[in-house]
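All remarks here apply to the structure that follows.
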Amino acid sequence: MPGFEIFGEEEKKEIMDVLDTGVLFRYEFNEQRKGIFKVKDFENKFAQYCGASCAQAVTSGSTALKVALTALGVGPGDEVITQGFTFVATWEAIFEVGAIPVFTEVDNTLNMDPDDLKKKISSRTKCIIPVHMLGAQARVHEIVAIASEHGIPVLEDTAQAAGGRIGGKHLGTFGKCGTFSFDSVKTMTTGEGGMVITDDQELWKAMSEYHDHGHDHVLNPGGRGGEGRRFVGFNYRMMELQGAIGLAQLAKLDSMIAAQQKNKSILKNAAGRISGVSFRNLVDEKGDSATFLTFSLQDREHCRRVNNSLKNDGFGAINFAENSWHFYPEWEHLLEGKSVLDSGFPFIEPGGKKRIVYDPQALPQSAEILAKTLVYPISINMKDELLDDMCRTLEKAASV
Ligand SMILES: *Cc1c(COP(=O)(O)O)cnc(C)c1O
């Protein structure tokens with residue numbers, strides 16, 4: 001999946017455009033920069049690619065979530081619902097704005113279970129964050145429909161599924177807004193970086209201002225120093241070098257996905273020979289960004305046998321039930337309420353009362369699904385010999 005596999009002349013050229021001007025800041029320096037605005041161009045091209053009207057670049061996928069939640073008005077006293085199978089950043093961002101994360105089960109899409117979502121909505125729910133995990137779609141139509149009944153905005157965490165689609169429509173454009181990550185291991189990368197897309201001009205404006213210390217970016221004779229501010233913000237600005245790399249990577253995104261889809265289908269075919277195997281439900285197989293192949297075995301024991309066989313042949317797969325960064329029961333720092341603050345916030349209220357306690361057994365359906373599911377990361381450059389070796393390994397595991 002990682003775009004770093006295909007860094008080339010395109011990235012170098014974009015970077016040199018920036019170094020030739022010496023301007024790394026995305027705003028100001030109007031004379032020196034010779035008309036070069038890489039972050040602005042990247043935002044425009046990314047929005048256009050996704051079919052959204054606005055995009056806001058930021059420093060990471062984590063800050064994209066925080067900036068979006070802040071602009072949506074989520075804060076202390078609020079609850080935000082997300083899924084128990086995601087990267088820790090999704091719920092860290094919820095704590096960052098002072099709100100409390102509430103976790104749903106995942107279903108066979110390996111993403112938010114809409115039926116469980118219905119049970120978790122309360123009068124305090126202010127946002128719902130389905131995550132398009134491992135490159136593929138959550139049941140976002142159903143999720144948006146449920147959220148709309150309650151007037152709750154949906155933020156799609158699309159960090160792992162840039163370029164993914166449903167019926168040709170891009171992930172990240174179904175809800176109120178969608179966030180993306182361009183960190184070093186994501187499908188397209190700028191090293192560090194993130195983006196929020198939305199069709200809501202006012203929401204975009206709030207994000208643009210908040211991510212840059214409140215600057216309203218209105219042209220005025222005093223330049224940047226003379227800009228007004230509606231509210232207090234912070235700094236989550238992307239810099240020009242990242243914007244430059246992003247432009248080159250975005251231009252390659254569809255071809256990266258096509259390469260991944262090809263490699264994935266070869267491995268999926270081989271994995272299909274394992275007796276009793278089943279595959280993750282894909283809402284739209286054509287729109288899968290194909291960064292991962294996931295396959296489920298008959299039960300936990302069968303899964304262990306198959307993975308032992310794969311490991312013995314040098315191609316052990318990931319079992320996310322055991323992964324400490326992506327699955328709820330393994331987030332011991334969350335479950336134990338560990339905070340950097342002596343006060344214990346966000347787990348303990350200023351008065352000393354517990355705000356929330358997380359039960360490690362709270363998501364049995366997700367635990368059952370993930371315990372029997374194996375995952376291979378798919379990359380862009382997979383040589384024929386490697387694919388052949390992996391297929392042979394899978395075929396050998398078919399009868400264990
Ligand atoms: C990577 C990731 C993030 C965070 O992105 P960073 O750019 O690494 O901060 C958020 N959510 C999910 C699901 C991710 O995989």
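The values are calculated or read from the model by the stated rules, or taken from the named source; none is laboratory data. Note that the structure is predicted; figures quoted are calculated from it, not measured. No Cβ is skipped: glycine too gets one built from the backbone with ideal geometry, and neighbour counts run over all protein chains shown. For accessibility, only protein heavy atoms count, side chains too; no ligands or nucleic acids. Shrake-Rupley method; radii C 1.70, N 1.55, O 1.52, S 1.80 Å.
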Three-way shape call for segment 254-397 based on the alpha-carbon gyration tensor, with the a/c threshold at 1.5: prolate
Potential lengthening between Glu301 and Gln365 on full extension [0.36 nm per residue; Cα-Cα distance subtracted]: 21.4 nm
Whole-number percent relative contact order across segment 254-397, with pairs defined as alpha carbons under 8 Å at least 6 apart: 38
Karplus 3J(HN,Hα) series, Hz, for segment 375-382 with 6.51 cos²θ - 1.76 cosθ + 1.60 (x for Gly, Pro): 9, 10, x, 9, 10, 6, 9, 10
Rough spin-label spacing in nm, given labels placed 7 Å along Cα→Cβ, for Lys13 and Phe279: 3.6
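Counting other Cβ atoms within 10 Å of each Cβ, which trypsin sites (Lys or Arg not before Pro) in segment 38-145 have at most 11 and sit in a DSSP loop?
none
Tally the DSSP beta bridges in the chain and give the antiparallel ones as a percent, rounded to 5.
65
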Simple label model, 7 Å out from Cα along Cβ direction - Arg392 to Gln261, nm: 3.0
Global form of the chain, assessed from the alpha-carbon gyration tensor, a/c cut-off 1.5: oblate
Cβ crowding within 10 Å averaged over residues, with 149-156, 85-92 ranked highest first: 85-92, 149-156
With every protein chain in place, the chain: carbon and sulfur % of accessible area (1.4 Å): 52
Over 18 Å between alpha carbons, listed pairs Lys262/Lys383; Lys45/Lys169; Lys262/Lys396; Lys66/Lys205; Lys126/Lys205; Lys176/Lys205: Lys262/Lys396; Lys126/Lys205
Separation between Cα centres of segment 142-193 and segment 325-359, rounded to whole Å: 27
Sorted peptide list for 207-215, 350-358, 233-241, 52-60, criterion being average Cβ within 10 angstrom, highest first: 52-60, 207-215, 233-241, 350-358
Cα→Cβ-extended label distance, 7 Å offset, between Asn108 and Leu24, nm: 5.1
Shape call, segment 160-298: gyration tensor on alpha carbons, a/c limit 1.5: prolate
Computed lengthening from Asn323 to Lys205, 0.36 nm per intervening residue step minus Cα-Cα distance: 38.7 nm
Relative contact order, percent, the chain [alpha-carbon distance under 8 Å, six or more residues apart]: 20
Ordering of 99-106, 172-179 by packing [mean C-beta count within 10 Å, highest first]: 172-179, 99-106
Alpha carbon centroid spacing (whole Å) that separates segment 1-80 from segment 81-114: 25
Spatial separation of Cα centroids for segment 203-262 and segment 382-396, in angstrom: 42
Reachable lysines from Lys186, criterion Cα separation under 16 angstrom, eight or more residues apart if same chain: Lys252
Mean accessible surface per residue for segment 68-177, computed with a 1.4 Å probe while every protein chain stays in place, in Å²: 28
